[in-house]
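One structure is given here, and the rest of the page talks about it.
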Amino acid sequence: MDDPTGWRANIGVVCGAANIVVEPEFHAMSPPGVATCATRMASLDVERGTGTPDAEELTRCTRYLVDANLDVIVLATPAGCAGTPATWAAAHMSASGARYPITAAAAVVDALRALRVRNVLVLGTGRRDAIERESRALADTGITVAAIALLELPAGAAAAATYRAVRAAASRPAAAVYIASSAVETIMALDALEQDLAVPVLSTVQACFWAAARAAGIEDTLAGFGSLLARESAQ
Amino acid sequence: MNGPLGWRARIGLIYPNCGLVMEPECYAMAPAGVTIHTQRLHLTKMTVSGVEQMMASTEAERCARILSRAPLDAIMFGGTSASFLKGIGYDDEVRLRLQAAANGIPVTTTSGAALRALRVLGVTRLSFVSPYDEALTAIGRRFFEQNGFAVVSAVGLGMHTDAEMFGVSLADLRDYAKRATPPDANGVFIACTGLRSVGAIDALERDLGIPVISAVQATFWDALRLAGVRAPQRGFGHLYRH
């Protein structure tokens, strides 16, 4: 009798109302015994790169997941889309009872540091001002943003489309590429992109899962989703 | 690297906030290309008054509205007692409420799905197995009797929280369902989407020699049907081979 539930860890995820990427990508990366428990913020339209996670909505989502006694809760929204400092969201989630609140912005910074990357090309979807906010948030942490570019991809774009768009946009030299979007599929393209670009390639959803799994004590070898998840297990 | 991930169907889920079971169990049963997308609603306690309070508010409709902003093919209302609470016809009432709020995206409820699943498998004499207290178990029994089933047994574990239910292992559930099912039953319904079940269904059907339906299994089966996905799946009972 196989038990597919989260008998090792349950990861709570808050995503945008229209998002169709975060939950299946978290599920795809989850090793046995790790499950995702999700909910959505009505006020956040990540797909268009607009909206702000207002306090009331973030409180409601966080409290609902806190009541479920999960191992960790992550706000899987790029900082640029949220339009608010990561510290604001993390503080608000803590005040709502989350023991281990994780924001995408913090997860990405931790992931870049884990990979010893200090210079990154930021590629986003949605609006350019959202990508610029994302880049400023990274720069505030001491990471150099080599350049930013907009990926012309619709919400929910498949990993193959993301791969082609990133290849086309990643012509400038940088020590790593960060795909700042939770609105398009990325994780199935990361290995191929790292091979072809010869630099680490991270994405919002991948970094969020990595940070959440680590916070929940899960450090399995996870092949197929980029060097971040594979590398961590080798340490 | 095919894609997008939900290339075959995207199924929404409205689920009580403390539930830990339905998302991973649905993914376990999902054919390739089917994804699940959840919105949670607040349930204080698994009691008659707790479920009444949840369903008296408009939060379920709000969940449906939020989910409808995603390109979904069907929506599951993952609550058994919340869709049998008011007796015969309540499952349909909840379904219509949510479908209207979701701008017409097809909706199924757990109790409505269970009725369809039991009928498809020809069950007439039902063993009703639940984690509920006595009052909710009695309401569940009455709902299935009103819908034409002879309920030969109805038992509950007296649990009031998802945390208690999550402590019930598949082995515990298998023992419980076997003990609770009398020989004259020709089908079992394991109620509540907060209880692990799908990993035990095949074993229970072998043990008992009769069809076994669970809340999570039936709801997802019906949602796949609504989304036009007809993929037989092995390992999750007769229903998925039907």
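Read-outs throughout are calculated quantities, based only on the coordinates presented, and are distinct from any laboratory measurement. Bear in mind the structure is a predicted one, so any value in this text is a computation, not a measurement. Using ideal geometry, Cβ is built from the backbone for each residue, glycine included, and neighbour counts are taken over all protein chains shown.
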Label point at residue B:32 placed 7 Å out along Cα→Cβ; residues across the stretch B:209-242 whose backbone nitrogen lies under 17 Å:
B:229-234
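How about the stretch B:38-101: which trypsin sites (Lys or Arg not before Pro) there are in a DSSP loop, with at most 16 other Cβ atoms within 10 Å of their Cβ? Intermediate values should be presented prior to the final figure.
On the way: sites: B:40, B:45, B:62, B:65, B:69, B:86, B:95, B:97; in loops: B:45, B:69, B:86.
Filter output for the stretch B:38-101: B:45, B:86.
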Quick shape check on the stretch B:109-156: root eigenvalues a ≥ b ≥ c of the Cα gyration tensor, a/c under 1.5 is rounded, otherwise prolate if a/b tops b/c, else oblate, and it reads prolate
Where a ≥ b ≥ c are root eigenvalues of the Cα gyration tensor, a/c under 1.5 meaning rounded, otherwise prolate if a/b exceeds b/c and oblate otherwise, the stretch A:106-202 counts as oblate
Whole angstrom only: what separates the Cα centroid of the stretch B:108-122 from the Cα centroid of the stretch A:60-80?
33 Å
Ordered by residue, what ³J(HN,Hα) values in Hz, to whole numbers, does the stretch A:34-39 give under the Karplus form 6.51 cos²θ - 1.76 cosθ + 1.60, where θ = phi - 60° and Gly and Pro are x?
10, 10, 10, 10, 10, 8
Spin-label pair residue A:116/residue B:184, simplified geometry with 7 Å Cα→Cβ offset, distance in nm:
7.5 nm
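Quick check of the Kirkwood formula: for the stretch B:1-120, what is the inverse mean of 1/r over all pairs of different Cα atoms, in Å?
Kirkwood hydrodynamic radius for the stretch B:1-120: 14.7 Å.
Return the calculated 222 nm mean residue ellipticity for chain B, to the nearest 500 deg cm²/dmol, obtained by summing -39500 (n - 2.57) across DSSP H runs with n ≥ 4 and dividing by the residue count. Let's see the in-between values first.
Values: 11 runs with 102 residues, N = 242.
Counting only the DSSP helices, I get -12000 deg cm²/dmol.
Suppose only helical runs count, i.e. DSSP H with n ≥ 4. What mean residue ellipticity at 222 nm does that imply for chain A under -39500 (n - 2.57) per run, divided by all residues and rounded to the nearest 500 deg cm²/dmol? Present the calculation step by step, with values, prior to reporting the outcome.
Numbers: 10 runs with 97 residues, N = 235.
Per the formula, -12000 deg cm²/dmol.
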Could you work out how far apart the two model spin labels at residue B:62 and residue A:54 are, taking each label as a point 7 Å from the Cα in the direction of the beta carbon, and quote it in nm?
1.1 nm
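For chain B, what does the relative contact order come out to in percent, with C-alpha contacts under 8 Å and a separation of six or more? The partial results should precede the final answer.
Numbers: 507 pairs, mean separation 52.5, N = 242.
After rounding, I find 22 percent.
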With label points built 7 Å along Cα→Cβ from the Cα atoms of residue A:95 and residue B:49, find their separation and express it in nm.
3.2 nm
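For the stretch B:140-196, state the average projected area of the convex hull of the C-alpha atoms over all orientations, rounded to one decimal in nm². Write down the numbers at each step before the final one.
Working: hull surface 16.6 nm².
Its average projected convex-hull area is 4.2 nm².
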Once phi for every residue in the stretch B:30-44 is put through the Karplus expression 6.51 cos²θ - 1.76 cosθ + 1.60 (θ = phi - 60°), the whole-Hz ³J(HN,Hα) values, with Gly and Pro written as x, are 6, x, 4, x, 10, 10, 10, 9, 10, 10, 9, 10, 7, 10, 6
So who's got an amide H within less than 5 Å of the one on residue B:154, skipping anything under 5 residues away but keeping other chains? H placed 1.01 Å off N, in plane.
B:128
The extension gain from residue A:221 to residue A:1, computed as 0.36 nm times the residue separation minus the Cα-Cα distance, is 76.8 nm
Mean separation of Cα contacts under 8 Å (6+ apart) over length of the stretch A:107-211, as relative contact order %
32 percent
Placing one identical point scatterer on every Cα of the protein assembly as shown and ignoring solvent, what is log10 I(q)/I(0) from the Debye formula at q = 0.07 Å⁻¹?
-0.35
Below 8 Å between Cα atoms, with a sequence gap of 6+, how large is the relative contact order for the stretch B:124-234 in percent?
28 percent
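Please identify the longest segment of chain A free of exposed trypsin sites (Lys or Arg not before Pro), where exposed means a DSSP state other than H, G, I, E or B and no more than 12 other Cβ atoms within 10 Å.
Working: sites that count: A:116, A:118.
Here the longest segment lacking exposed loop sites spans A:119-235.
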Restricting to the protein assembly as shown, compute how many DSSP beta bridges are antiparallel as a %, nearest 5.
5 percent
Any idea how far the Cα center of the stretch A:4-37 sits from the one of the stretch B:215-242, in Å?
21 Å
Long-range HN-HN contacts of residue B:18 with modeled amide H, under 5 Å:
B:43
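Does chain A classify as rounded, prolate or oblate by the C-alpha gyration tensor (a ≥ b ≥ c root eigenvalues; a/c under 1.5 gives rounded; else a/b over b/c gives prolate, otherwise oblate)?
Because a/c hits 1.5 or more and a/b fails to exceed b/c, chain A counts as oblate.
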Where in the stretch A:161-188 is the amide nitrogen less than 18 Å from a point lying 7 Å along the Cα-to-Cβ axis of residue B:7?
A:161-165, A:184-188
